[in-house]
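To keep things clear, I will list the structure first and then write my remarks on it.
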């Protein structure tokens with residue numbers, strides 16, 4: 001069995017059931033799993049095939065990005081004006097994605113997973129928008145990230161340029177993807193049912209997605225209530241608010257993950273708590289005009305015991321893929337909006353990005369905290385940087401002062417994916433150049449362009 005030891009870490013933030021923080025401690029890893037976590041002195045006689053020096057390092061569980069479109073946005077990052085109407089923006093997004101080749105999706109997905117890993121993210125959910133799944137999975141396999149994937153399903157006409165299938169075909173595609181891909185890559189890849197959005201899916205398709213997921217022991221994720229307009233449109237169409245409607249149709253439950261969930265009512269929060277339905281909040285996307293602080297009731301969800309995790313959305317929705325910055329937003333937005341500094345403390349924000357992320361995906365038995373028996377999904381931060389000093393409370397410093405720039409080493413499934421701040425599985429410079437060229441080619445052949453506010457000479 002291959003073994004690895006992280007020796008003499010300055011701090012280990014375990015996020016275990018006791019929420020222990022260990023000073024001057026070590027971690028022994030064997031055959032991809034954490035075997036021991038203890039004080040350096042107690043593990044000093046434990047030998048390993050490879051040793052990582054943890055001096056001046058903080059170790060945390062790997063982070064979870066539970067709503068992250070990986071396959072398309074990096075090629076055209078930053079092109080969209082802020083004042084572009086949301087529906088118009090989305091129609092451009094799917095127009096551009098539909099023009100991408102499988103090879104282009106591979107490279108853009110590889111860049112996305114590389115950015116995520118370099119910022120400490122070890123598990124992602126791509127909510128069904130990888131057009132060519134084999135290409136996206138090739139990137140996932142190469143990077144080593146843990147992932148949940150699927151195929152977006154829509155059977156109603158929509159303004160987003162998303163392909164509309166008939167209901168029977170959509171149900172067949174959901175099941176086929178799960179049968180073909182679930183538990184591949186030594187269990188590191190899972191496949192879920194992914195109806196794109198209740199506004200564009202019939203009740204028959206939504207119910208079938210839940211039934212298929214239940215049958216195969218997997219989850220369901222869908223976008224929902226991302227702004228007031230979406231909720232009003234759904235209510236006018238179906239006669240009830242989205243979460244209430246899904247509950248009445250039996251479509252909620254412990255294996256359901258709802259993304260965004262901004263425009264929801266107090267009654268709907270009670271439904272989420274009662275059904276143990278999970279939520280993924282995407283503050284970097286929501287704060288750009290969707291109504292995060294006006295509408296968001298995530299403190300109320302947390303208070304009611306709803307499992308709230310975090311996501312970024314996409315590189316043209318959030319622009320950045322740094323989960324630490326995302327946890328920071330989760331911690332500060334509602335303090336300011338409600339003028340209540342008690343809301344979502346940094347410890348809760350860190351839970352959202354780690355153990356809650358794992359619980360939302362049904363993976364908390366194998367990852368999400370640093371405990372013996374769990375997979376070695378770990379992040380090492382270099383604290384010999386100005387933003388980490390002076391260092392007394394590592395959780396406060398992580399959430400409020402640090403960001404992904406100080407990530408030094410990342411392990412997924414016990415394998416080193418990032419070492420000394422560089423990806424171990426790809427030439428980063430070549431990848432950056434390749435995706436730049438893909439973006440230029442994509443814009444040229446689709447004719448999509450926008451005028452810059454400032455002149456470019």
Do we have residue 439 as free of Cβ contacts under 8 Å to residues at least 40 places away in the same chain and farther than 29 Å from residue 332 by Cβ here? no
If I ask for residues that are buried (at least 21 other Cβ atoms within 10 Å of the Cβ), in contact (Cβ under 8 Å) with a residue 60 or more places away in the chain and part of a strand (DSSP E or B), which ones from segment 11-53 would you list? 11, 12, 13, 27, 29, 34, 37, 52
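Restricting the search to segment 252-263, which residues are farther than 10 Å from residue 277 by Cα and touching a helix residue (DSSP H, G or I) at 6+ places or on another chain (Cβ under 6 Å)?
Initial filter on segment 252-263 (farther than 10 Å from residue 277 by Cα): 259-263.
262, 263, listed by residue number.
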Kindly list the number of the only condition in (1) in contact with a helix residue (DSSP H, G or I) (Cβ under 9 Å, 6 or more places away or on another chain); (2) within 30 Å of residue 415 (Cα to Cα) that fails for residue 199. (2)
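With the condition being touching a strand residue (DSSP E or B) at 6+ places or on another chain (Cβ under 6 Å), I'd like the helices (runs of 4 or more DSSP H) fully within segment 172-288 carrying at least 1 qualifying residues.
Values: elements: 203-216, 228-238, 242-248, 266-275, 283-286.
Once the helices (runs of 4 or more DSSP H) in segment 172-288 are filtered for at least 1 residues that are touching a strand residue (DSSP E or B) at 6+ places or on another chain (Cβ under 6 Å), what remains is 203-216, 242-248, 283-286.
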Any residue at all in segment 281-302 that is at pLDDT 95 or above, buried (at least 24 other Cβ atoms within 10 Å of the Cβ) and at positive phi? no
Quick check on segment 363-375. Is at least one of its residues without any contact (Cβ under 8 Å) to a residue 24 or more places away in the chain, touching a helix residue (DSSP H, G or I) at 6+ places or on another chain (Cβ under 6 Å), outside any helix (DSSP H, G or I) and crowded, with 16+ Cβ neighbours inside 10 Å? yes
The lone condition residue 112 fails out of (1) outside the structural domain of residue 226 (by TED's automatic domain parsing); (2) surrounded by 20 or more Cβ atoms within 10 Å (Cβ to Cβ) is (1)
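Given the criteria within 20 Å of residue 303 (Cβ to Cβ), in the same structural domain as residue 129 (by TED's automatic domain parsing) and under 24 Å from the mean Cα position of the chain (by Cα), does residue 210 qualify?
Numbers: within 20 Å of residue 303 (Cβ to Cβ): no; in the same structural domain as residue 129 (by TED's automatic domain parsing): yes; under 24 Å from the mean Cα position of the chain (by Cα): yes.
For residue 210, the condition - within 20 Å of residue 303 (Cβ to Cβ), in the same structural domain as residue 129 (by TED's automatic domain parsing) and under 24 Å from the mean Cα position of the chain (by Cα) - is not met.
The values are calculated or read from the model by the stated rules, or taken from the named source; none is laboratory data. Predicted model, so just to flag it, every value in this text is computed and none were measured. Please note: Cβ atoms are built from the backbone with ideal geometry, for glycine as well, and neighbour counts cover all protein chains shown.
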